[in-house]
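Taking it in order: structure first as structure tokens, then the write-up.
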Amino acid sequence: MPALRTGAWFPVARAADVGTTPVPVGADGQSYVVVRLRAGGEVRAFPARCPHRLVPLAAGSVVDGVLQCPYHGWQFDAEGRCATVPSLGPDGTPPPRADLQVPWAVEERGDWVWLAPSSTDEPCPEATDAEPEPAPAPPQPAGRVFGNLDPSLEHAWHPVAMSRELQPGGWLQVRLLGRTWMLRRTPDGLEADPPAWGARERLGLVWLAPAEPVDEVLEVPEADDRRFVAGWLLPKRSVGPAGPLADNFLDVAHFPFVHAATFGAGDQKEVPAYDVIPQPGGFDSIQEQWFDNVTDPGVASGERPLRQRRRATYSYRAPFQLRLRLDFLDSGATTTILFLLQPEDVDSTRIYSCLLLYAGPGVPLPSPATVAAEVDFEERVLAEDLALQATMESTGLPLVMRDELHVRSDRLGVALRRALVDFAATAG
């Protein structure tokens, strides 16, 4: 039976189906979530996305009587007011645009939850025999979005395979920018079909540039440093675009929420101010962070505490080359993480990640068992990020600043968006 509009009121869900887990619903073509902020309490309605990074609030949860976004822990009260932005600290004030624009009214009548998106003088109906309209997809940003098929991406080097995947004498099929390419090694080097501007091998990966590249090479000095031992994660695939994945890698404020089960320090939610250092084709940033160092052998032996400090040096080069160097200030060890993205199709990104491990001064090189344990831990961390990304229903990274809401902890994310705008302009 088709959905029935009854004046300005819309039946959106059976009352018995709405508990303390947000339920996505639709009313008059608009998307919302309905939820009870305490067991047995009144039903409340909110817009479908958090204004910060546009995460669908259907993936949120009820915490202490408020609705909490799963990405950065922003909390919203029953009226849609943003009560907490954790990264701003206990004394921080949420910006005015953080408040949600809730619908005019929500009522329970006749075993149904009814929603009025805008002001009306009509009374709420008591019953209906219609089915609620399907919940539409959460709205997309109004302005430009940098997706996996952006034309500027033709003018960049992209990782398309691990070198060991390209077997001698054979062809390897890969996807890049919505097209299929065949690659093989020849006596003269790598060959691509259809022809590309270039193909090469670097950092244990095969790279392809469809057209003349304008991007800058990400330098990885640890790759040539014999004190470091490499450990590759198995390539992973995300069901979303590369831009939000790069944004996630550069983001610090999500650690206590997305990575609570691995390393996120739940009592260290505030993100201190930090600087962004412009570089050709991107930027760097150096920060100091608290974290739980669960893989440090000194923690198990009692030599060092679980809660430790580290210096994090982020390096980004457009479009999707990222490096994070972590210097552990308590142990003297260093871990560098490479995060390199292959935009395959509009809704598919392949992820290449490598750990480069240094055990510290006077300590033997990391053993194969140590490398395997570190890789396993990093794969668990990545799985947490990918689970969150799978909920986002994103077509790409918004480039118009007002389509999202940025706070102090988002300086790297803002720099990423500006770098992609500059890259696209340079690529023409």
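The values are calculated or read from the model by the stated rules, or taken from the named source; none is laboratory data. Predicted model, so just to flag it, every value in this text is computed and none were measured. Cβ sites come from the backbone with ideal geometry, for glycine too, and all protein chains shown count toward neighbours.
Yes or no, residue by residue, for (1) small (Gly, Ala, Ser); (2) closer than 21 Å to ALA253 by Cβ:
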residue: VAL25; (1), (2): no, no
residue: VAL33; (1), (2): no, no
residue: GLU42; (1), (2): no, no
residue: PRO56; (1), (2): no, yes
residue: GLY60; (1), (2): yes, yes
residue: ARG81; (1), (2): no, yes
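Tell me which residues, restricted to the range 352-402, are of a type in the set (A, V, I, L, M, F, W, C), under 17 Å from SER331 (Cα atoms) and buried (at least 18 other Cβ atoms within 10 Å of the Cβ).
The answer is LEU356, LEU357, ALA359.
Report the residue count in the range 191-210 for those that are exposed (fewer than 15 other Cβ atoms within 10 Å of the Cβ) and over 28 Å from PRO221 (Cβ atoms).
Adding up the residues that qualify gives 4.
Evaluate the range 23-42: report whether one residue or more is crowded, with 23+ Cβ neighbours inside 10 Å, outside any strand (DSSP E or B) and touching a Lys or Arg at 6+ places or on another chain (Cβ under 9 Å).
no
Touching a helix residue (DSSP H, G or I) at 6+ places or on another chain (Cβ under 6 Å), surrounded by 15 or more Cβ atoms within 10 Å (Cβ to Cβ) and farther than 30 Å from ALA427 by Cβ - does that describe any residue in the range 305-320?
no
Taking the condition surrounded by 16 or more Cβ atoms within 10 Å (Cβ to Cβ), modelled with pLDDT of 95 or more, under 30 Å from PRO256 (Cα atoms) and not β-branched (Val, Ile, Thr), does GLY65 pass? Break it down into steps so the answer makes sense when it comes.
Working: surrounded by 16 or more Cβ atoms within 10 Å (Cβ to Cβ): no; modelled with pLDDT of 95 or more: yes; under 30 Å from PRO256 (Cα atoms): yes; not β-branched (Val, Ile, Thr): yes.
So GLY65 does not fit the description; no.
Can you work out which of the residues in the range 268-300 that are at pLDDT 90 or above, in a loop (DSSP other than H, G, I, E, B) and not β-branched (Val, Ile, Thr) is surrounded by the fewest Cβ atoms within 10 Å (Cβ to Cβ)?
Step one: list which residues in the range 268-300 are at pLDDT 90 or above, which gives 269-287.
Filter once more, keeping what is in a loop (DSSP other than H, G, I, E, B): 269-276, 280-281.
Retained after the next criterion (residues that are not β-branched (Val, Ile, Thr)): 269-270, 272-275, 280-281.
On the way: LYS269: 21, GLU270: 18, PRO272: 12, ALA273: 8, TYR274: 17, ASP275: 10, PRO280: 10, GLY281: 20.
Of everything passing the filter in the range 268-300, ALA273 is surrounded by the fewest Cβ atoms within 10 Å (Cβ to Cβ).
Sort out which residues of the range 365-413 are of a type in the set (Gly, Ala, Ser), part of a helix (DSSP H, G or I) and closer than 22 Å to ALA137 by Cα, and write them in order of number.
Residues of the range 365-413 that are of a type in the set (Gly, Ala, Ser), as a first pass: 367, 369, 372-373, 383, 387, 390, 394, 396, 409, 413.
If we keep only those that are part of a helix (DSSP H, G or I) too, we end up with 369, 372-373, 383, 387, 409, 413.
Residue satisfying the conditions is ALA387 alone.
Could you grab me the full set of residues in the range 340-390 that are touching a Phe, Trp or Tyr at 6+ places or on another chain (Cβ under 9 Å) and of a type in the set (Val, Ile, Thr)?
Matches in the range 340-390: THR349, ILE351, VAL375, VAL381.
Is it fair to say ALA59 is hydrophobic (A, V, I, L, M, F, W, C), within 20 Å of the chain's Cα centre (by Cα), surrounded by 22 or more Cβ atoms within 10 Å (Cβ to Cβ) and within 26 Å of LEU397 (Cβ to Cβ)? First the steps, then the outcome.
Numbers: hydrophobic (A, V, I, L, M, F, W, C): yes; within 20 Å of the chain's Cα centre (by Cα): yes; surrounded by 22 or more Cβ atoms within 10 Å (Cβ to Cβ): no; within 26 Å of LEU397 (Cβ to Cβ): yes.
No.
Could you run through the range 307-347 and say how many residues are touching a strand residue (DSSP E or B) at 6+ places or on another chain (Cβ under 6 Å), β-branched (Val, Ile, Thr) and closer than 17 Å to PRO210 by Cβ?
Qualifying residue count for the region: 0.
Might you check whether a residue that is touching a Lys or Arg at 6+ places or on another chain (Cβ under 6 Å), closer than 25 Å to GLY396 by Cβ and in the same structural domain as LEU382 (by TED's automatic domain parsing) occurs anywhere in the range 270-279?
The answer is yes, given that some residue of the range 270-279 is touching a Lys or Arg at 6+ places or on another chain (Cβ under 6 Å), closer than 25 Å to GLY396 by Cβ and in the same structural domain as LEU382 (by TED's automatic domain parsing).
Which of the residues belonging to the range 282-300 are without any contact (Cβ under 8 Å) to a residue 40 or more places away in the chain and more than 13 Å from ASP330 (Cβ to Cβ)?
ASP284, ILE286, GLN287, ALA300
On the basis of being farther than 27 Å from ARG402 by Cβ and among the small types (Gly, Ala, Ser), does ALA130 make the cut?
Taking the combined requirement at face value, the residue satisfies it.
Would you mention how many residues in the range 88-115 are outside any strand (DSSP E or B) and either under 15 Å from HIS72 (Cα atoms) or not polar (S, T, N, Q) (or both)?
Filtering the range 88-115 down to residues outside any strand (DSSP E or B) leaves 88-104, 110-111.
Next, only the ones that are either under 15 Å from HIS72 (Cα atoms) or not polar (S, T, N, Q) (or both) stay: 88-92, 94-100, 102-104, 110-111.
Of the residues in the range 88-115, 17 are outside any strand (DSSP E or B) and either under 15 Å from HIS72 (Cα atoms) or not polar (S, T, N, Q) (or both).
Among the residues of the range 122-130, are any in contact with a Leu (Cβ under 9 Å, 6 or more places away or on another chain), assigned to a helix (DSSP H, G or I) and either of a type in the set (D, E, K, R) or in contact (Cβ under 8 Å) with a residue 60 or more places away in the chain (or both)? Quick ask: steps written out before the conclusion?
Just the residues of the range 122-130 that are in contact with a Leu (Cβ under 9 Å, 6 or more places away or on another chain), to begin with: 128-130.
From what's left, assigned to a helix (DSSP H, G or I): none.
The answer is no; no qualifying residue exists.
Suppose we keep only residues that are touching a strand residue (DSSP E or B) at 6+ places or on another chain (Cβ under 9 Å) and of a type in the set (S, T, N, Q) within the range 228-267. Which one would you say is surrounded by the most Cβ atoms within 10 Å (Cβ to Cβ)?
SER238
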